[in-house]
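The values are calculated or read from the model by the stated rules, or taken from the named source; none is laboratory data. Source: prediction; values computed, not measured. Cβ placement follows ideal geometry from the backbone for every residue including glycine, while neighbour counts extend to all protein chains displayed.
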Amino acid sequence: MSLPEEEIDRVLAEALAQPLSEAEFDEVVETVRFIEQLSELLRGCPLEMEEPVTSAPVEAGAR
Amino acid sequence: MSAASHELPDLSLSELSEQIRSRSVSSVEATTACLERIERLDPLLNSFITVTAEASLEQARHRDVERAAGAWRGPLHGVPIALKDLILTRGIPTTSGSDVLRDWLPTYSATAADRLEAAGAVMLGKLNMHEFAFGATSINPHYGPVRNPHDPTRITGGSSGGSAAAVAAGLCYGALGSDTGGSIRCPAALCGIVGLKPTYGRVSRHGVLPLAWSLDHVGPMTRTVRDAALMLQAMAGADPLDDMASSEPVPDYAAEVDAGVQGLRIGVPVEFFWHPVDPRVRERVLAGIELLARAGAEIREISLSTLDMARAAQTLTIYAEAAAAHRAMLRESSHRYGPTVRVRFACGLFVSGPDYLAAQQARRLVRRELARRFEEVDLIATPACPIPATRIDQKRVAVDGVEAPPQYFLVRNNGLFNLTGLPAVSVPCGMAGGLPAGLQLAGRPWEEGTVLRAARVVEQAVGPLKPQASENL
């Protein structure tokens, strides 16, 4: 489900020092839709819910 | 025989090192020659944001005094280098290519910078970059675009564009870059130099302004493979100030460089990396792979089934982590960001917690697939960047039937090795339509030595890609 533009506007208003221009806002909306597509793609993948999650790309890298 | 002073900056780092060691050239002479070349060429190339001329000469004088007393810190002793401007340097402006940090003077230096200094390097200054490292063109709205020494009307790639331009034009003997999704390898490819992204955790990121913590890497950018080995050697290893900096033993990289590729198995993925690719780049990269085969490597086609997942995971991770890293600064100063990166950081606010974690689970699957492929091969070879450098004013590129903005193509082939943390280099493999092309070689974790061995074989056959344009400036 797509995030409504009003909600995007509300989040930006809280997060940024000053409002975006109209063109910038449109670009954010376009990219948010892309992010939603990528998230949807991952939801369709056989991810292993029982596996612990780490964000370290190389396990041996952690001391 | 020593080089004439105006030719000194054309020596490789390794060659200069030998001359300083034998005391046929002083660090002051080398530093002065670099500063003169910066003064002559950088008004056009725009690769430096800050040049620390007086401090550099003072440091060089100190190195010469040490050398005269018989001391030698190692291969970087007295060698002038420069740092991407997101690497903190105590008392020296560190802007990250932003207006927000224009006047910031850090109170401490990054571990990587400290280690290079301890190894004897002389720091010439801080290098221009894509603002906050969040982009691949190095067209900077606050400090101006970095220009490619092979054709100053064209981009350098990025985000470490200043590092690539300065090294390619001989303004310094080596530079540090950072790489979150290709920011070392892309500009190295477009400027015709060597750019090495080491294994995640090989080089400390303490004191390096983050873009995305789990994807950020620091690495050397140099004119030769051996030079990259020497710079990596000085920086690699555990750091109590960076929990992710590994205590994995650090081998002698320079000793491995000339070992060749006889018997190595090199995998060439059949998917993704070869389309869209400019045909001229494809030809040069395939010729580079053929060189490796002629030198004794076995070339195998391989298949990777998780690349779509990898791309999604890399993109979601970089957006989410970048927004998290910049959350406080966006609230205070978003209006001082350039418009392009302001939008990018804002977009990261819309990656949900569950989706970020799904990206990390996907990352695990991708990593496992790469580990399985690396049981069958020792290296993976791909084009480093699918296109040659585009014009600075160019808005769209059409390649292989795909038309998109340059940034769509620039780091497309690099992010997989950030997501998986594997070491990867871009080595020049020839000229494509008069502009440099790079071959990307990736290896197993901690096997930078193998990556560099193969890169050296290509370098020996192709030779240096000296910029033609900068000679006439």
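Listed conditions (1) more than 30 Å from B:Thr224 (Cβ to Cβ); (2) within 9 Å of another protein chain (Cβ to nearest Cβ) are all met by B:Trp446, apart from (1). B:Glu376: more than 14 Å from chain A (Cβ to nearest Cβ), of a type in the set (D, E, K, R) and over 17 Å from B:Tyr319 (Cβ atoms), yes or no? Judged against the criteria, B:Glu376 is a match.
When you look at B:Arg67, is it touching a residue at least 12 places away in the same chain (Cβ under 8 Å), under 22 Å from B:Leu16 (Cβ atoms) and assigned to a loop (DSSP other than H, G, I, E, B), yes or no? No: the conditions fail for B:Arg67.
Filtered by the rule that a residue be under 25 Å from the mean Cα position of the chain (by Cα) and within 7 Å of chain A (Cβ to nearest Cβ), the range B:344-358 gives no residues.
For the range B:379-404, the tally of residues that are farther than 17 Å from B:Gly182 by Cα and part of a loop (DSSP other than H, G, I, E, B) stands at 7.
For residues that are surrounded by 11 or more Cβ atoms within 10 Å (Cβ to Cβ) and outside any helix (DSSP H, G or I), scanning just the range A:3-30, find the one that is farthest from the other protein chains (Cβ to nearest Cβ). Here the residue is A:Pro19. Across the range B:446-468, the number of residues qualifying as surrounded by fewer than 22 Cβ atoms within 10 Å (Cβ to Cβ) and small (Gly, Ala, Ser) comes to 3. Being touching a Gly at 6+ places or on another chain (Cβ under 9 Å) and under 26 Å from B:Arg284 (Cα atoms) is not true of B:Glu248. Considered as a group, the residues in the range B:39-63 that are more than 18 Å from B:Pro93 (Cα to Cα) and buried (at least 20 other Cβ atoms within 10 Å of the Cβ) include one that is nearest to the chain's Cα centre (by Cα), and that residue is B:Leu45. Scan the range A:31-62 for residues that are more than 14 Å from B:Tyr356 (Cα to Cα), modelled with pLDDT of 95 or more and more than 7 Å from chain B (Cβ to nearest Cβ) and the total you get is 2.
Residue count for the range B:410-431 under the criterion of being crowded, with 23+ Cβ neighbours inside 10 Å and either more than 14 Å from chain A (Cβ to nearest Cβ) or without any contact (Cβ under 8 Å) to a residue 12 or more places away in the chain (or both): the result is 9. Would a scan of the range B:339-358 turn up a residue that is among the hydroxyl-bearing types (Ser, Thr, Tyr), in contact with a helix residue (DSSP H, G or I) (Cβ under 6 Å, 6 or more places away or on another chain) and closer than 20 Å to B:Arg284 by Cβ? No, that holds for no residue.
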